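The values are calculated or read from the model by the stated rules, or taken from the named source; none is laboratory data. Here the structure is a predicted model, which is why all the values come from computation and not from measurement. Every residue, glycine among them, receives a Cβ derived from its backbone with ideal geometry; neighbour counts consider all protein chains shown.
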Amino acid sequence: MSNNQLNVSLDLSGPQGSKRIGVGDNTGQNAFGINPAPSTLAWNLTGALANAANFVPMTDPNPGFQWAYPPGQPGGPPLGVFENPPPAISNGGNTLTLTDNHFNAASVGQWIYILRVLYNGSVYATVFSPNEVEDCDDGNPVYPDTIKNPVIINR
């Protein structure tokens, strides 16, 4: 079983008031190989977000974790790979965990997700930009901290 950790931080590189967060996935923590046991991926709030923010509850219409394209739909992951158990928030709202049931080649792929965090009374999120596709020929995202179209990769 693999347990990968990703850091989520406030992104101040955009226009003032853009309310963006970035995901530090530059060293492959977002990629998984086929494994007979489930793997977990945990996003942890860091920096300014660590003490003053929480992931948006999963019961919210726009939850803390959401696939850019729904499971089982074009662009979305296959059904059954990430839903059991469903994403969960813990650690006082500072950690969001997702289970990856990547047991065979049927679940190989790359899928965009969206994270949302409540910070200072406002929702901050990763940017979903469907018209911008990152070059991931080597299986690694181009951006050191992915702000647009963060992905989970099953190899």
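Can you tell me which residue in the range 110-138 is modelled with the highest pLDDT, limited to those that are farther than 27 Å from ASP60 by Cα and surrounded by 12 or more Cβ atoms within 10 Å (Cβ to Cβ)?
Once the filter is applied, the top-ranked residue is GLU134.
Any residue in the range 53-81 that is more than 20 Å from VAL8 (Cα to Cα) and touching a residue at least 40 places away in the same chain (Cβ under 8 Å) sitting within a Cβ distance under 7 Å of a residue that is polar (S, T, N, Q) and in a loop (DSSP other than H, G, I, E, B)? List the pairs, counting only those 6 or more apart or interchain.
Filtered contacts from the range 53-81: VAL81/ASN101.
Within the range 1-38, work out how many residues are out of contact with any Phe, Trp or Tyr (no Cβ under 9 Å at 6 or more places or on another chain) and part of a strand (DSSP E or B).
Residues that pass the stated criteria total 5.
Considering every residue within the range 94-109, establish whether at least one is free of Cβ contacts under 8 Å to residues at least 60 places away in the same chain, assigned to a loop (DSSP other than H, G, I, E, B) and surrounded by 17 or more Cβ atoms within 10 Å (Cβ to Cβ).
Yes, the range 94-109 has at least one match.
Mind checking which residues of the range 89-117 are out of contact with any helix residue (DSSP H, G or I) (no Cβ under 8 Å at 6 or more places or on another chain) and more than 14 Å from PRO77 (Cα to Cα)?
Within the range 89-117, ILE89, SER90, ASN91, GLY92, GLY93, THR95, LEU96, THR97, LEU115, ARG116 meet the criteria.
I'm trying to understand the selection: among the residues of the range 93-109, which are more than 11 Å from ALA37 (Cα to Cα) and β-branched (Val, Ile, Thr)?
Residues satisfying the conditions are THR95, THR97, VAL108.
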